[in-house]
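J.: Submitted below is the structure of interest, expressed as structure tokens.
The values are calculated or read from the model by the stated rules, or taken from the named source; none is laboratory data. A quick note: this is a predicted structure, and the numbers were derived from the prediction, not measured. So basically every Cβ, Gly included, is an ideal-geometry build from the backbone, and we count neighbours across all protein chains shown.
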């Protein structure tokens with residue numbers, strides 16, 4: 001069976017050398033106590049939990065799955081015990097508000113822990129991750145009385161949370177939702193309707209589940225402008241915080257899925273369930289985006305985490321598997337050489353490595369921006385961080401989940417026929433990661449969000465700030481010149497195709513929709529190239545100084561070279577596809593699809 005070992009050295013590289021999180025924490029309000037030793041100790045404890053508790057449960061969850069009977073769901077063996085350990089040891093409270101029982105540590109520290117948990121056991125980690133999103137949304141949009149009543153047991157891990165958006169007839173088109181909310185005399189609402197694809201919607205890990213539900217108040221406007229957000233407990237919560245009777249929330253069924261079998265994906269039925277309004281009436285989608293955006297960053301980590309897991313398994317196998325003979329021979333005394341010496345296997349392994357380690361740099365950088373958005377002392381710094389984060393979030397979610405899927409497929413390919421059978425774990429990674437490019441907004445939707453709302457909506461101002469930063473680094477003294485020139489060419493192409501789309505969109509009404517996915521991928525290749533160039537610059541400096549870890553830094557330098565020479569050129573293809581316009585998609589008669 002596969003094993004997962006947290007990449008401790010590479011995590012330290014990103015945390016300390018690339019981003020200097022300890023120095024960053026000293027500049028944040030309320031985070032000054034997190035020094036290097038504290039950070040490293042927390043990360044090490046998280047690594048042990050991921051490696052020794054969660055990773056062994058990953059195949060168990062896949063084999064057993066979740067079981068539904070009479071409206072109740074039981075999770076796989078060991079899941080509930082692991083969740084109790086997780087909550088009791090304070091992991092859920094790590095970066096939460098101390099006013100409600102949290103530890104108040106910076107969000108980026110929680111992100112480092114989450115990466116390891118997702119790599120070790122994606123399905124299990126979703127339970128706590130969704131609770132984290134519910135905590136953040138309630139904390140930002142809930143009235144003070146609701147926060148006092150509901151946040152402490154959420155943060156303590158006694159209760160958990162979900163997000164309830166999708167309905168059978170509307171999918172991502174939330175303007176069509178039908179779930180109703182009727183005002184009650186006591187200020188609450190009676191929620192009625194059905195939601196589907198609700199991850200962690202019913203389980204046996206906690207004593208209560210708090211559902212964040214989008215619904216339409218009677219008489220509200222049609223479309224997304226009439227949606228409100230409600231907090232709906234599975235079990236009623238009395239004014240003193242004690243649990244009461246069932247609250248009219250039932251699990252009608254669970255889905256039988258391709259992957260993440262250890263997480264229950266539920267159909268939830270609300271029958272006059274008592275709910276509490278979060279935020280303003282008819283502005284529920286705005287409030288829910290607190291949850292959605294946090295979830296999109298988590299999904300980016302899921303994609304990256306699977307790339308790491310697939311790379312570890314494939315690398316271990318490639319070093320041990322003897323097959324065919326290399327040129328020149330590596331082991332003349334053996335009948336065959338280890339497959340890691342063959343060029344095509346190296347191509348696959350280096351692609352996985354580039355995605356796993358480059359994705360780590362990108363997701364931790366996004367988490368650093370979350371820190372600034374929440375804890376920067378200066379208001380201007382908070383606004384700037386939110387602006388950059390808004391631009392990077394759809395790129396990170398979309399590109400890294402596509403990369404995670406590619407890395408998983410390459411893992412199967414490295415194993416050959418052994419990768420296609422359950423024994424080695426590669427096929428589970430491929431099944432589990434597949435959902436990441438679909439949920440929290442498909443990657444086509446991420447591309448539309450990036451291009452329409454984040455680039456064109458402000459005439460490219462936020463994008464220009466990012467591209468100027470990348471170009472400045474490329475032209476500086478630190479960046480290896482030859483590699484920097486490769487990136488500059490693609491960044492210039494990114495800038496030019498953005499301007500071209502801005503000019504052409506009025507003449508081609510389908511151009512943005514036809515270009516969005518390719519634009520997302522072009523942006524992702526360039527952005528990851530920026531982080532790999534920064535890594536190469538750090539490696540160059542360490543090697544010149546005579547580092548005792550020359551193999552590690554050589555690995556960074558050579559992986560950067562591989563990425564910039566072999567993967568970054570894919571951006572050119574995406575630009576050419578964009579500039580081909582929409583006619584090759586839309587000016588085709590429906591009869592062309594006839595069979």
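J.: Failed condition for residue 439, given (1) in contact (Cβ under 8 Å) with a residue 60 or more places away in the chain; (2) surrounded by fewer than 23 Cβ atoms within 10 Å (Cβ to Cβ); (3) part of a helix (DSSP H, G or I), with all others met?
T.: (3)
J.: Still on this structure: Take residue 514 and decide whether it is assigned by TED's automatic domain parsing to the domain that holds residue 494, touching a helix residue (DSSP H, G or I) at 6+ places or on another chain (Cβ under 7 Å), modelled with pLDDT of 95 or more and surrounded by 22 or more Cβ atoms within 10 Å (Cβ to Cβ).
T.: no
J.: Taking region 1-39, which residues are in a loop (DSSP other than H, G, I, E, B) and either under 25 Å from residue 557 (Cβ atoms) or under 23 Å from the mean Cα position of the chain (by Cα) (or both)?
T.: 2, 3, 4, 5, 6, 7, 19, 20 - these are the residues of region 1-39 that are in a loop (DSSP other than H, G, I, E, B) and either under 25 Å from residue 557 (Cβ atoms) or under 23 Å from the mean Cα position of the chain (by Cα) (or both).
J.: Being outside the structural domain of residue 533 (by TED's automatic domain parsing) and either in a helix (DSSP H, G or I) or closer than 19 Å to residue 575 by Cα (or both) is the requirement here; does residue 488 meet it?
T.: Judged against the criteria, residue 488 is not a match.
J.: Looking at this structure, is residue 430 closer than 30 Å to residue 505 by Cα and either in the same structural domain as residue 343 (by TED's automatic domain parsing) or modelled with pLDDT of 95 or more (or both)?
T.: no
J.: Would you point out the residue of region 221-241, among those that are at pLDDT 95 or above and assigned to a loop (DSSP other than H, G, I, E, B), that is farthest from residue 133 (Cα to Cα)?
T.: Result: 227.
J.: Which one of 175, 171 is in contact with a helix residue (DSSP H, G or I) (Cβ under 8 Å, 6 or more places away or on another chain) and either modelled with pLDDT under 95 or part of a strand (DSSP E or B) (or both)?
T.: After applying the criteria, what remains is 175.
J.: For the list (1) over 23 Å from residue 435 (Cα atoms); (2) touching a strand residue (DSSP E or B) at 6+ places or on another chain (Cβ under 6 Å); (3) touching a residue at least 60 places away in the same chain (Cβ under 8 Å), I need the number of the one condition that residue 163 fails.
T.: Single failed check for residue 163: (1).
J.: Right, residue 128: out of contact with any strand residue (DSSP E or B) (no Cβ under 6 Å at 6 or more places or on another chain), touching a residue at least 24 places away in the same chain (Cβ under 8 Å), surrounded by fewer than 24 Cβ atoms within 10 Å (Cβ to Cβ) and within 26 Å of residue 79 (Cα to Cα) or not?
T.: yes
J.: Still on this structure, please answer the following. Look at region 362-382 and say how many of its residues are surrounded by fewer than 18 Cβ atoms within 10 Å (Cβ to Cβ), assigned to a helix (DSSP H, G or I) and in contact with a strand residue (DSSP E or B) (Cβ under 9 Å, 6 or more places away or on another chain).
T.: 1
J.: Quick one: would you say residue 466 is more than 15 Å from residue 313 (Cα to Cα), crowded, with 18+ Cβ neighbours inside 10 Å, touching a helix residue (DSSP H, G or I) at 6+ places or on another chain (Cβ under 6 Å) and at pLDDT 95 or above?
T.: No, not satisfied.
J.: Continuing with this model, one more query. Which numbered condition in (1) assigned by TED's automatic domain parsing to the domain that holds residue 298; (2) more than 26 Å from residue 9 (Cα to Cα); (3) over 12 Å from the mean Cα position of the chain (by Cα) is the only one that residue 398 fails?
T.: Residue 398 satisfies all of (1) assigned by TED's automatic domain parsing to the domain that holds residue 298; (2) more than 26 Å from residue 9 (Cα to Cα); (3) over 12 Å from the mean Cα position of the chain (by Cα) except (3).
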